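Bear in mind these aren't lab numbers, they're just calculated from the coordinates by the rules spelled out. None of the values given here were measured: they were computed from a predicted structure. Note: ideal-geometry Cβ built from the backbone for every residue, glycine included; neighbour counts use all protein chains shown.
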Amino acid sequence: MLEPLLGSVNAERTLIFIFAREQGYASEVAAFFSTDLYGIQRQLEKFENGGVLISKMLGKTRMYSFNPRYAFLKEVSILLERALNYYPIEERNRLMMFRNRPRRKGKPL
């Protein structure tokens, strides 16, 4: 949907994922969309170099989130929210549902 504007489908996927979950790391984004890890890593680096995203290390994992000091953060957020509303409901629900804490041992899925 935003591919013509952003230049690639991986750029759109990266921004939509980070917008929906507020943070993420490269292999998590690549696994969610079943795409190439290298392409996602390039997009994350590009957005970080441009000041759109920031990263921090959590153990060995580099977590990315939106840069609160980015001048056009409000406008980008509005654009991504509108684009997310046009995603199929199943994919939107998968994007919005995530677990931050581990499951209890023996708990059924």
(request) Averaging sequence separations of C-alpha pairs under 8 Å and six or more residues apart, then dividing by the length of the chain, give the relative contact order as a whole percent. (result) 25 percent
(request) Working from Cα positions, state the angle (0 to 90°, nearest 10) between the long axis of helix 9-21 and the longest principal axis of the chain. (result) 60 degrees
(message) Less than 11 Å from a label point 7 Å out along the Cα-to-Cβ axis of Met1: which backbone N atoms in segment 60-79 qualify, by residue?
(response) 79
(request) For segment 3-94, give the magnitude of the charge dipole about the Cα centre (Cβ charges: +1 Lys/Arg, -1 Asp/Glu; no others), in debye to the nearest 20. (result) 300 debye
(message) Please enumerate, by chain and number, the lysines with C-alpha under 25 Å from the C-alpha of Lys46, excluding those fewer than 8 residues away in the same chain.
(response) Lys56, Lys60, Lys74
(message) What distance in nm separates the two pseudo spin-label positions at Lys46 and Tyr86, each 7 Å out from Cα along the beta-carbon direction?
(response) 1.9 nm
(request) Let me see the pair-distance distribution of the chain: every alpha carbon pair, 10 Å bin width, integer percents in order. (result) 13, 46, 31, 8, 1
